[in-house]
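Q: Below is a structure I'd like to ask you about.
The values are calculated or read from the model by the stated rules, or taken from the named source; none is laboratory data. Computed from a predicted structure; not experimentally measured. Note: ideal-geometry Cβ built from the backbone for every residue, glycine included; neighbour counts use all protein chains shown. Just so you know, the surface numbers come from the protein's heavy atoms only, side chains and all, with ligands and any DNA or RNA stripped out. Shrake-Rupley method; radii C 1.70, N 1.55, O 1.52, S 1.80 Å.
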Amino acid sequence: MTWLDDDLTAFRELARSFCEKELTPNQERWAEAKQVDRELWTKAGEVGLLNLSVPEEYGGGGGTFAHEAILLQEQARAGDDAWGVAVHSGIVAHYVLAYGTEAQKQRWLPKLASGELVGAIAMTEPGTGSDLQSIKTKAIRTGDTYVVNGSKTFITNGAQAGLIIVAAKTNPEEKASGVSLVVVETEGAEGFRRGRVLDKIGMKGQDTSELYFDNVTIPAGNLLGEAEGQGFIQLMQQLPQERLVIGVTAVAAMELAVRQTIQYTKERTAFGRPLFGFQNTKFVLADAATEVAVSKAFLDQAITRHLKGELDVNGAAMVKMWTTERLGKVVDDCLQLFGGYGYMNEYPIAKAWTAARVQRIFGGTTEIMKEIIARTL
């Protein structure tokens with residue numbers, strides 16, 4: 001990795017130790033509860049693992065996206081897909097950092113860094129997926145307040161979030177130019193209601209939820225940005241980092257799946273010899289290892305570009321599309337080598353397979369990524 005240095009290598013040890021201790025042992029319990037323990041957030045805040053790339057003056061780690069990437073790699077390596085830290089630190093905090101007033105940053109970022117607040121971003125609606133211009137949720141200004149009405153779904157951290165960035169129409173007559181981002185602080189917010197934690201085929205321990213806003217009144221000062229109507233542009237500016245985050249987790253999950261499959265095929269025997277001794281097994285794993293190597297090189301190039309401020313929407317779309325599509329193929333091929341055991345939930349490869357499927361959907365589907373890429377051809 002061209003972006004690694006001694007500081008990041010040392011940080012990896014802290015991230016790995018935390019993930020192995022706090023994440024790995026709790027997977028089954030969190031899957032049953034459909035959410036992580038609330039105190040996980042404060043534990044992470046105490047050791048400095050939240051808001052890693054937010055300046056220290058706002059309670060953050062003062063690092064870069066590279067620190068976020070290493071934590072996400074170690075989370076995947078620990079076999080966890082439940083903790084929504086990627087959304088909290090890599091996405092939500094950066095909307096506040098990029099578009100918040102000084103007062104907003106001082107108010108919200110330290111609480112996100114400590115784990116006192118859990119962050120979520122509410123874009124998707126029951127009838128609106130990737131078409132963010134057509135959202136129905138409204139935030140209508142009345143004097144010194146906004147009144148928020150609408151519903152959101154598929155919201156990561158939704159069950160625990162205390163701070164939610166809501167994409168809403170401040171001008172319902174307009175499409176993209178009518179979208180704004182407003183911040184809803186959930187504590188004491190009358191009319192705000194959390195729906196069910198959704199029953200997904202994978203990522204069972206992540207509290208992906210429905211949210212409802214029924215005449216929720218928030219201060220006018222909770223608008224993100226200098227004026228209304230900037231939300232769509234803000235979303236487009238931040239989506240490259242969100243898609244790079246997905247690429248990081250995809251490649252890390254791919255690496256883990258291949259490593260687990262190599263170990264399994266060397267230990268499991270059939271017809272009197274290890275599965276790894278069969279030519280087909282070797283060829284499948286050779287293909288998978290090559291897919292990982294190519295994806296990793298592409299991802300590292302993108303991280304380097306992002307650290308220099310050079311990663312554009314097109315480049316991020318390519319990374320998101322390529323790594324998630326490769327992940328799906330690699331994990332599926334690896335599961336096949338486990339035979340019937342690969343279909344059993346007690347084997348990590350089964351969990352990896354179901355978790356991999358959604359990566360081609362959230363953050364913009366593969367089809368949307370291709371549409372973005374095609375616009376520049």
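Q: In nm, to one decimal, how far is the ILE140 label point from the MET236 one, both placed 7 Å along Cα→Cβ?
A: For the pair ILE140/MET236, the computed spacing is 2.8 nm.
Q: Note down the net charge around ALA355, summing +1 for each Lys or Arg and -1 for each Asp or Glu among other residues with Cβ under 12 Å from its Cβ.
A: +3
Q: Oh, and also: In the calculated pair distance distribution of the range 336-377, what percentage of Cα-Cα distances lie above 16 Å?
A: Within the range 336-377, distances greater than 16 Å cover 52 percent of Cα pairs.
Q: How big is the range 222-377 on each of its three principal axes, counting only the C-alpha atoms and giving the largest first in Å?
A: Each principal axis gives a Cα extent; for the range 222-377 these are 70, 29, 25 Å.
Q: Also, quick follow-up: Nearest 20 debye, what's the magnitude of the dipole of the chain about its Cα centre given +1 on Lys and Arg Cβ and -1 on Asp and Glu Cβ?
A: Approximately 1000 debye in magnitude.
Q: Turning to a different aspect of this structure: Tell me the per residue accessible area of the range 259-312 using a 1.4 Å probe; a whole number in Å² is fine.
A: Computed with neighbouring chains in place, this is 62 Å² per residue.
Q: Provide the per-residue ³J(HN,Hα) series for the range 340-355, in order, calculated from phi with Karplus coefficients 6.51, -1.76, 1.60 and θ = phi - 60°, each as a whole number of Hz, with x at glycine and proline positions.
A: Each residue of the range 340-355 in turn: x, 5, x, 8, 9, 4, 6, 9, x, 5, 5, 5, 5, 5, 6, 5 Hz.
Q: Run through the range 274-377 and list the chymotrypsin sites (Phe, Trp or Tyr not before Pro) located in a DSSP loop whose Cβ has at most 13 other Cβ atoms within 10 Å.
A: none
Q: As a check on your grasp of the helix formula, calculate [θ] at 222 nm for the chain: sum -39500 (n - 2.57) over DSSP H runs of n ≥ 4, divide by the residue count, round to the nearest 500.
A: After summing the helix terms and dividing by the residues of the chain, the value is -15500 deg cm²/dmol.
Q: Still on this model: Rounded, prolate or oblate for the range 1-126? Axes are the square roots of the Cα gyration tensor eigenvalues, ordered a ≥ b ≥ c, and the cut-off for rounded is a/c under 1.5.
A: oblate
Q: What's the local net charge at PHE192, with K and R +1, D and E -1, over the other residues with C-beta under 13 Å away?
A: Every neighbour counted, the sum reads -2.
Q: Taking the chain, how much of its Cα-Cα pair set, in percent, is spaced more than 39 angstrom apart?
A: For the chain, the share of Cα pairs beyond 39 Å comes to 15 percent.
Q: Further question on the same structure: In the range 16-151, if the dipole is taken from +1 on Lys/Arg beta carbons and -1 on Asp/Glu beta carbons about the Cα centre, which of LEU71, SER114, GLY143 is farthest to the positive end?
A: Working it through, the farthest residue towards the positive pole turns out to be GLY143.
Q: For ALA122, what residues show an amide H to amide H distance below 5 Å, using hydrogens built from the backbone and excluding near sequence neighbours?
A: ILE165, VAL166, ALA167
Q: Dimensions of the range 257-309 along principal axes (Cα, Å, largest first)?
A: Taking max minus min along each principal axis of the Cα atoms, the range 257-309 gives 55, 16, 8 Å.
Q: Using 1/(1 + (r/R0)^6) with R0 = 35 angstrom and r between the beta carbons of ASN171 and THR64, what's the FRET efficiency to the nearest 0.05?
A: FRET efficiency, ASN171 to THR64: 0.45.
Q: Beyond 21 Å, what share of the Cα-Cα pairs of the range 264-354 remains, rounded to the nearest whole percent?
A: 45 percent
Q: If you don't mind, another one. For the range 186-204 and the range 24-73, what is the separation of their Cα centres, given in Å?
A: Value for the Cα centre distance between the two parts: 20 Å.
Q: Still on this structure, please answer the following. At 20 °C and a viscosity of 1.002 mPa s, what translational diffusion coefficient does Stokes-Einstein give for the range 189-237, taking Rh as the Kirkwood radius over Cα pairs? Give it in µm²/s as a whole number.
A: My calculation gives 156 µm²/s for D.
Q: Something else now. Could you please state how large a percent of the accessible area of the range 89-163 is carbon and sulfur, counting protein chains only and using a 1.4 Å probe?
A: Whole-percent figure for carbon plus sulfur exposure: 52.
Q: Another question about this same structure. Specify which residue in the list GLY100, ILE372, ALA168 is farthest towards the positive end of the charge dipole of the chain, using unit charges on the beta carbon of Lys, Arg (+1) and Asp, Glu (-1), about the Cα centre.
A: Result: ILE372.
Q: Shifting gears a bit: If we count every other residue with Cβ under 12 angstrom of LEU211's Cβ, Lys/Arg +1 and Asp/Glu -1, where does the sum land?
A: 0
Q: What spacing in nm lies between the two simple spin-label points modelled at PHE271 and LYS370, each 7 Å away from Cα in the Cβ direction?
A: Simple spin-label model gives 3.8 nm for this pair.
Q: Based on the alpha carbon coordinates of the range 123-188, what radius of gyration and maximum Cα-Cα distance (Dmax) apply, in Å?
A: Cα radius of gyration and Dmax of the range 123-188 are 11.8, 33 Å respectively.
Q: Along each principal axis of its Cα atoms, how long is the range 128-236 end to end? Whole angstroms, biggest number first, please.
A: Projected onto its principal axes, the Cα set of the range 128-236 covers 40, 31, 19 Å.
Q: Can I ask one more? Under 14 Å from a point 7 Å along the Cα-to-Cβ line of THR2: which residues of the range 58-78 have their amide N that close?
A: Those under the cut-off are none; the list is empty.
Q: Turning to a different aspect of this structure: Which percent of the accessible area of the range 264-344 is formed by carbon and sulfur heavy atoms (probe 1.4 angstrom)?
A: For the range 264-344, the apolar C and S fraction of the accessible surface comes to 56 percent.
Q: Could I ask something else about it? Provide the gained length on full extension for the span ALA297 to ARG29, in nm with one decimal, where the gain is 0.36 nm per separating residue minus the Cα-Cα distance.
A: Fully extending the segment from ALA297 to ARG29 adds 92.9 nm.
Q: With bins 10 Å wide starting at 0, give me the P(r) of the range 109-149 over every alpha carbon pair, in whole percents.
A: Answer for the range 109-149: a P(r) of 24, 29, 39, 9 percent.
Q: Any idea how far apart GLU56 and LEU198 come out in nm if each label point goes 7 Å out from Cα toward Cβ?
A: 4.0 nm
Q: Same structure, new question: For the range 27-147, what is the accessible area per residue in Å² when the probe is 1.4 Å?
A: Using a 1.4 Å probe on heavy atoms only, each residue of the range 27-147 averages 38 Å².
Q: Once the Cβ-Cβ distance between THR42 and ASN345 is put in as r, and R0 is 30 Å, what FRET efficiency do you end up with, to the nearest 0.05?
A: Computed FRET efficiency for THR42 and ASN345 comes out at 0.50.
Q: Roughly how many whole Å is it from the C-alpha centroid of the range 112-152 to that of the range 311-371?
A: For the range 112-152 versus the range 311-371, the Cα centre distance is 28 Å.
Q: Once you charge only the Cβ atoms, +1 for Lys and Arg and -1 for Asp and Glu, what is the size of the charge dipole of the range 62-121 about its Cα centre, to the nearest 20 debye?
A: Computed about the Cα centre, the dipole is about 200 debye.
Q: Take the range 23-83, compute every pairwise Cα distance, and split them into 5 Å bins from 0; I just need the percent in each bin.
A: Reading the bins upward from 0: 4, 17, 23, 25, 16, 10, 5, 1.
Q: If you look at just the Cα atoms of the range 64-158, how large are its Rg and its Dmax in Å?
A: Rg then Dmax for the range 64-158, in Å: 15.7, 50.
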